[in-house]
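S.K.: My structure is below; once you've seen it, I'll send some questions.
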Ligand code: SF4
């Protein structure tokens with residue numbers, strides 16, 4: 001079952017943990033917001049990284065669904 005990752009920009013305050021810790025999933029855009037690099041996640045390890053990013057995000061702005 002594939003998963004997708006989304007970032008709520010209304011909540012995000014650009015702390016940077018997601019793209020610094022998980023450059024395989026996120027990159028920083030010109031404004032400092034994260035951009036999700038992976039559309040559908042099929043890989044279990046990558047899904048775990050996404051869940052870790054969501055848990056660590058101080059703004060609770062990352063969702064894995
Ligand atoms: S960790 Fe959360 S608050 Fe920080 S840049 Fe990523 S989405 Fe935004």
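S.K.: I'd like the FRET efficiency for residue 28 and residue 1, computed as 1/(1 + (r/R0)^6) with the beta carbon distance as r and R0 of 35 Å, rounded to 0.05. Don't skip to the answer; put the middle values down first.
M.R.: Values: r = 29 Å, r/R0 = 0.83.
Calculated value: 0.75.
S.K.: If I stretch the segment between residue 42 and residue 65 completely, what's the gain in nm (0.36 nm per residue apart, minus their alpha carbon distance), one decimal?
M.R.: Stretched out fully, the residue 42 to residue 65 stretch lengthens by 7.1 nm.
S.K.: Mean separation of Cα pairs under 8 Å and 6+ residues apart, divided by the residue count of the chain: what relative contact order is that in percent? It would help to have the intermediate numbers written out before the result.
M.R.: Working: 98 pairs, mean separation 29.9, N = 65.
Once normalised by length, the contact order is 46 percent.
S.K.: Moving on. Compute the acute angle (0 to 90°) between the alpha-carbon long axis of helix 44-56 and the principal axis of greatest extent of the alpha-carbon atoms of the chain; round to the nearest 10°.
M.R.: Relative to the chain, helix 44-56 is tipped by roughly 30 degrees.
Here, each number is a calculation from the coordinates, and none is a lab measurement. Because the structure is a prediction, the values reported are computed rather than measured. Cβ: placed from backbone, ideal geometry, glycine included. Neighbour counts: every protein chain shown.
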